[in-house]
């Protein structure tokens, strides 16, 4: 009998990272006769595409058409919503990152099984108290129907593709490819060119510079893959290191040395069309969407077969999650999660923020002492107070207008939809530190009260 599976995620918007994983899993579950439903607080173009293909994708729990049989939880905040909505439904939890707090496993009696996507995530789960006997490693897979195998590689690489979210390594990769006579194209959030049809792009390239899921997909197509980005460098993917590198998801656990011109030249020199073909054949046999879905279904069935726990225990555990995840004055994980979700400003915006901080510091250095002196001496009368408030407001507004204007396509390139929105949201708070904002607000409110009283 088919299962109704509710899968949670922070986003179903861009098709990257865990978003690509849940789409792959949802497709595999449907092919196997199950009914996946996806819930994410933030939706985008990916959700629209999935709905067109018949998937249930919602951003409100109340919009779900059915009560699920199993909760497949990812990301702490939407997972907490699902646990609160369905307190009697068993759950499993997938950890996709060994570093982010929003991905960290948390104890809960509804969660019967745990999944790590690689060995680093497995270690992270064990360190957070997940019982080893309830933890499985399910490595990422590829939809081989979408990512078709390319024609055999040429004897030497003619065309290369840099797939990346980072910018630090880009000039180096460009220079080495130019030196070696390899035409280079660029794709990914770090380059300003993105696509939701990577499967159409990859067959045109002989060599791909990538990490994580993008490296897996490129290798499955049959491209030669050099693993590295702005975080660090691993080298050329070969048949000899495939198993070990896949168990680390071609990601951060491998990027232990800096990317250098010498290292890049050595990796490219190891280009071997026959070895790349053998890697593709193995992945196309071992990393299929069908096997990926089947392994998950086996865990779903084992979780639903267990007797339910006490409702009171589940309620207390849900309360503990909310204590950690809801904003409060306490130093709890919600602060780290907010920083992770908001993410760092793009580099141009970081530079712009520094300029705004300097300008605003100068403005406040002049305005605040003058205002305090004036208020103390009771020299300023109503109209002049209005002028001072207006002057500071105008200074803030001018700088903020410049900040928003500067977030053009050039500044936010590669940041579609909600990522661009998140970069702009709360810009005031990120430009001016709280120690500066707080006295400014107090001073402004005090002046306005005096104006009102006058």
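Rule-based calculations on the coordinates, nothing more; no lab input. Please read all numbers here as calculations on a predicted model, not as lab measurements. FYI the Cβ positions are ideal-geometry reconstructions off the backbone, even for glycines, and counts take in every protein chain you see.
How would you order 247-254, 259-266 from highest to lowest mean count of nearby Cβ atoms within 10 Å? It would help to have the intermediate numbers written out before the result.
On the way: 247-254: 21.4, 259-266: 15.9.
Going from most to least packed, we get 247-254, 259-266.
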Taking a crude spin-label model, label points 7 Å out from Cα along the C-beta direction, the residue 290 to residue 204 distance in nm is 3.1 nm
Taking 0.36 nm per residue of separation between residue 134 and residue 195 and subtracting their Cα-Cα distance, the length gained on full extension comes to 18.2 nm
In whole percent, the Cα-Cα distances of region 48-188 spread across 5 Å bins from 0 upward as 2, 8, 13, 12, 13, 13, 12, 10, 8, 6, 3, 1, 0
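Report relative contact order for region 86-141 in percent, whole number only (criteria: Cα-Cα under 8 Å, sequence separation at least 6).
Working: 88 pairs, mean separation 19.4, N = 56.
Relative CO of region 86-141 lands at 35 percent.
Applying 1/(1 + (r/R0)^6) with R0 = 51 Å to the Cβ-Cβ distance of residue 67 and residue 175, what FRET efficiency is obtained, to the nearest 0.05? Mind showing how you got there, number by number?
Details: r = 57 Å, r/R0 = 1.12.
That pair, residue 67 with residue 175, gives E of 0.35.
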Taking 0.36 nm per residue of separation between residue 99 and residue 59 and subtracting their Cα-Cα distance, the length gained on full extension comes to 11.8 nm
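Using packing as a proxy for protection, rank 31-37, 51-57 so that the peptide with the highest average count of other Cβ atoms within 10 Å comes first. Don't jump to the answer; show the numbers that get you there.
Details: 31-37: 17.3, 51-57: 14.4.
With the highest mean Cβ count within 10 Å placed first, the list reads 31-37, 51-57.
Please report the relative contact order for region 74-113, taking Cα pairs under 8 Å with a sequence separation of at least 6, and give it as a percent rounded to a whole number. Please report the intermediate quantities before stating the final value.
Numbers: 38 pairs, mean separation 19.3, N = 40.
Relative contact order of region 74-113: 48 percent.
Compute for region 159-286: radius of gyration divided by Kirkwood radius, i.e. Rg/Rh, restricted to C-alpha atoms, rounded to two decimals.
On the way: Rg = 13.1 Å, Rh = 14.2 Å.
With Rh from the inverse mean 1/r over Cα pairs, Rg/Rh is 0.92.
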Label model pair residue 298, residue 156: point-to-point distance (7 angstrom along the Cα→beta-carbon line) in nm is 4.7 nm
Taking 109-117, 321-329 and ranking on average Cβ neighbours within 10 Å, highest first, one gets 109-117, 321-329
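So if each residue of separation counts as 0.36 nm, and I subtract the Cα-Cα distance between residue 81 and residue 338, what length gain in nm does that give? Working shown, then result.
On the way: separation 257, 0.36 × 257 = 92.52 nm, distance 1.65 nm.
Roughly 90.9 nm would be gained on extension.
Relative contact order for region 159-286: what is it in percent, counting Cα pairs under 8 Å that are at least 6 residues apart?
25 percent
Evaluate E = 1/(1 + (r/R0)^6) for residue 168 and residue 265, where r is the Cβ-Cβ distance and R0 equals 22 Å; express this FRET efficiency to the nearest 0.05.
0.75
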